[in-house]
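Each remark here refers to the structure printed beneath this line.
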Amino acid sequence: MIDINGMAHVILTVSQFDKAHKFYSGLLPAFGMTKVNDGPDFLYHVGARTAIGVRRCDPQFEAERFEQYRVGLHHICLRAKSREAVDQTAALAASLGAKIVRGPEERDWAPGYYYVLFEDPDGIRLEVNHVPGTGLLNADASFGSADDYVRLDGEDLLDHR
């Protein structure tokens with residue numbers, strides 16, 4: 001087995017770099033991340049056992065926005081150490097102008113799953129969740145709401161509840 005130790009970094013390419021720069025500069029330090037690069041085309045924060053970079057897109061893509069169901073990234077999710085941290089994230093994200101898609105709320109994807117889902121200025125979806133204990137690795141746990149990942153005619157079944 002190859003011994004992986006978490007996610008080293010995620011780089012997000014954005015079309016609205018100035019807005020994204022302001023958004024992530026307010027969000028990531030609150031997650032315990034330190035800015036290690038702040039250039040004209042690339043912002044990079046490291047900490048909380050990962051790193052997030054924000055990269056300016058090429059000029060021909062500046063009119064585009066993130067589309068969650070195109071090939072590529074669906075969303076990123078960061079794990080919080082407590083439900084209170086999820087609540088704090090929701091309040092901070094809203095104060096930074098994020099669109100709150102769902103939450104904070106509990107779902108049955110794993111025992112005690114509590115999360116908030118929001119969008120950055122380009123519509124890239126970010127989630128912060130808290131799952132107590134070992135979550136789905138607990139022998140008695142099962143993955144809930146599998147139908148949440150089914151789409152019908154380009155629409156999530158979840159949206160039709």
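The values are calculated or read from the model by the stated rules, or taken from the named source; none is laboratory data. Quantities reported herein were computed from a predicted structural model and do not represent experimental measurements. Glycine gets a Cβ as well: all are built from the backbone with ideal geometry, and neighbour counts include every protein chain shown.
Failed condition for PHE17, given (1) in contact with a Cys (Cβ under 9 Å, 6 or more places away or on another chain); (2) under 19 Å from VAL101 (Cα atoms); (3) among the hydrophobic types (A, V, I, L, M, F, W, C), with all others met?
Evaluating PHE17 over (1) in contact with a Cys (Cβ under 9 Å, 6 or more places away or on another chain); (2) under 19 Å from VAL101 (Cα atoms); (3) among the hydrophobic types (A, V, I, L, M, F, W, C) leaves (2) as the failure.
Checking the structure you have, find out if any residue of the range 9-23 is crowded, with 18+ Cβ neighbours inside 10 Å, in contact with a helix residue (DSSP H, G or I) (Cβ under 8 Å, 6 or more places away or on another chain), part of a loop (DSSP other than H, G, I, E, B) and at pLDDT 95 or above.
Among the residues of the range 9-23, at least one is crowded, with 18+ Cβ neighbours inside 10 Å, in contact with a helix residue (DSSP H, G or I) (Cβ under 8 Å, 6 or more places away or on another chain), part of a loop (DSSP other than H, G, I, E, B) and at pLDDT 95 or above, which makes the answer yes.
Give GLY103, GLY72, GLY112 a once-over and let me know the one that is in a loop (DSSP other than H, G, I, E, B), more than 12 Å from the chain's Cα centre (by Cα), modelled with pLDDT under 95 and over 22 Å from VAL54 (Cα atoms).
The match here is GLY112.
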